[in-house]
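This is the structure I have questions about; it appears just below.
Since every read-out is calculated from the coordinates, none of them should be taken as a lab result. Quick caveat: nothing in here was measured; it's all calculated off a predicted structure. Cβ placement follows ideal geometry from the backbone for every residue including glycine, while neighbour counts extend to all protein chains displayed.
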Amino acid sequence: MSKDDETKLPPLPEEARFAIQAFRTERPSTQARFRIQAALEAAEAGQSAPPRPAPPPKYAGWRASAGLRVAMGAVLTGALMLGVTVNLDGDDSQLISHESLPARHLSVQIPEEGFGWVELPWNIGDHPEGTAVVHMETPAEMNFHEHHAEHLPALQLVSCEADRCLHQFEAPSGSAAQPLRVRIHKAGRYEFRVSHASDERQINERFVVDAGH
Amino acid sequence: MGQQGARWWEVEDGRGRLSVSGNERARFEAEVEALMPRLHRFCLTLCKDREEAEDLLQDSLVRAYLHRDSYQGHGSFFGWLCGIIRNQFIEGRRSAARRRSLLDSVLEGASSVLGTLFTGGVEQPDPEARACQSEQSAMLLRALHALPEKYRLVVLLCDVEELGYEEVASILGVPVGTVKSRHFRGRAQLGTAFQAELDQQACAVRTGGGS
């Protein structure tokens, strides 16, 4: 853009010019830089990106608030579905912790005919010993509830809308945790959203799987 | 990007220069490093808060790294990365729209009943207000977000990043004439939106409120 072009443009308020200068100082946070580096390292190694660390205090307030709502929603929903009684007395702020992990990308090779399995490196082992209630959203075309009933005995199809289906099941947590195995029949890009909750914490995760032959 | 095609390059390790051979990732990171602030601002201008912008930047850089061979040197590396960020952003929005009615509705539907119980009944501040390091930056970002995206990105690239019309046209994949007209209209809209922000701030000060 030349100076001649500048003179033909509508002028900006002086304050806006100062604001533009201030905006030019914006940088990604140190945490974000570390995450990017870790994600690139994981991509180089053909692995999923590592989980994101806890947010800095500056942003923790609003995230924790939104997260707490979602967490309580998940706990209540799970409780209602399972007929579990939740004790809401006591210190609510310590009832459950909430974490949303960044998306992780995986690549998998599947055979031309038949199907392949991919293990989603979820963090269900971070919950205390016992079981966690899992909600998992998958592409509808996968027929997840049909193909996974064998190794996820309590699996239920909650609902489907458009090309996405929501499922619920229970899974062992803590040291008994197992990787989440997903069966893939054809090449493509698949997105999975998983929310698992125990009495102490709730974790949201997203996985993007690129399947090729 | 002056080392394209080289099979080795040098990096600073704090003790001197090291030759690194065959490390594609280190090379990619070195190329991206200088562009990181501009890419971050590009993401901030697309997204509504810092967290989403940083997620977008991370996902986009991973995608760029995985598909780095597709950059053929036509146009700037920055422009190529901006294209990936835009595509990733559009794809993310589509995915988000598709999945809102499922997992989110289940989780948020129940949480709306209990929400105020666990936040003391007080809504938390808009995260957009915390997206920037200074109030001036935040005001500019709010004003930019008042513009339609097609004007917003042109104003960002021309006025904040001070790129030439030809490069902006290349990045956005539109003719130079379109960039010029969008810049003119976008600049006018930004002036109006920013003035509205100033007026709102002045009003808040007069009434004793805060932003």
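Just checking the output field for B:30-42: average partner chain Cβ neighbours within 10 Å of each residue's Cβ? Please report the intermediate quantities before stating the final value.
On the way: counts 0, 0, 2, 1, 0, 0, 5, 5, 2, 1, 6, 6, 0.
Average per residue, whole number: 2.
Follow-up. Along the Cα→Cβ direction, 7 angstrom out, place labels at A:T25 and A:E41. What is the inter-label distance in nm?
A separation of 3.1 nm, rounded to one decimal place.
Test of understanding: ordering A:S107, A:S100, B:S60 by Cβ neighbours within 10 Å, fewest first, what list do you get?
Working: A:S107 15, A:S100 20, B:S60 24.
Result, fewest neighbours first: A:S107, A:S100, B:S60.
If each residue's Cβ is checked for other Cβ atoms within 10 Å, how do A:E119, A:E99, A:E26 rank with the fewest at the top?
On the way: A:E119 12, A:E99 19, A:E26 22.
Arranged by neighbour count, lowest to highest, A:E119, A:E99, A:E26 become A:E119, A:E99, A:E26.
For B:V160, A:V182, what's the fewest-to-most ordering of other Cβ within 10 Å of each Cβ?
Numbers: B:V160 20, A:V182 23.
Ascending number of Cβ neighbours within 10 Å: B:V160, A:V182.
A further question on this structure: Over region B:132-211, what is the relative contact order in whole percent, taking alpha-carbon pairs under 8 Å and six or more residues apart? Could you put the intermediate results ahead of the total?
Values: 53 pairs, mean separation 26.7, N = 80.
Reported relative contact order: 33 percent.
Same structure again: In bins 5 Å wide, starting from 0, what share of all Cα pairs of region B:132-211 does each bin hold, as a percent?
Result returned by the calculation: 3, 16, 23, 20, 14, 10, 7, 4, 2, 1.
Tell me the net charge near A:T131. Cut-off is 11 Å between Cβ atoms, A:T131 excluded, with +1 for each Lys or Arg and -1 for each Asp or Glu. Don't jump to the answer; show the numbers that get you there.
On the way: positive: none; negative: A:E129, A:E170, A:D199.
So the environment of A:T131 carries a net charge of -3.
Rounded to the nearest 0.05, what FRET efficiency do A:R17 and B:S181 give with R0 = 30 Å and r taken as the Cβ-Cβ distance? Could you check? Don't skip to the end; give the middle numbers.
Values: r = 22 Å, r/R0 = 0.74.
Approximately 0.85, to the nearest 0.05.
Net charge near B:F184, counting Lys/Arg +1 and Asp/Glu -1 over other residues with Cβ under 13 Å of its Cβ? Don't jump to the answer; show the numbers that get you there.
Details: positive: A:K8, B:K150, B:K180, B:R182, B:R185, B:R187; negative: A:D5, A:E6, B:D159.
Once all neighbours under 13 Å are counted, the net charge is +3.
Can you give me the distance in nm between label points at B:E135 and A:D199, each placed 7 Å from the Cα along the Cα-to-Cβ direction?
Going by the 7 Å Cα→Cβ label model, 4.7 nm.
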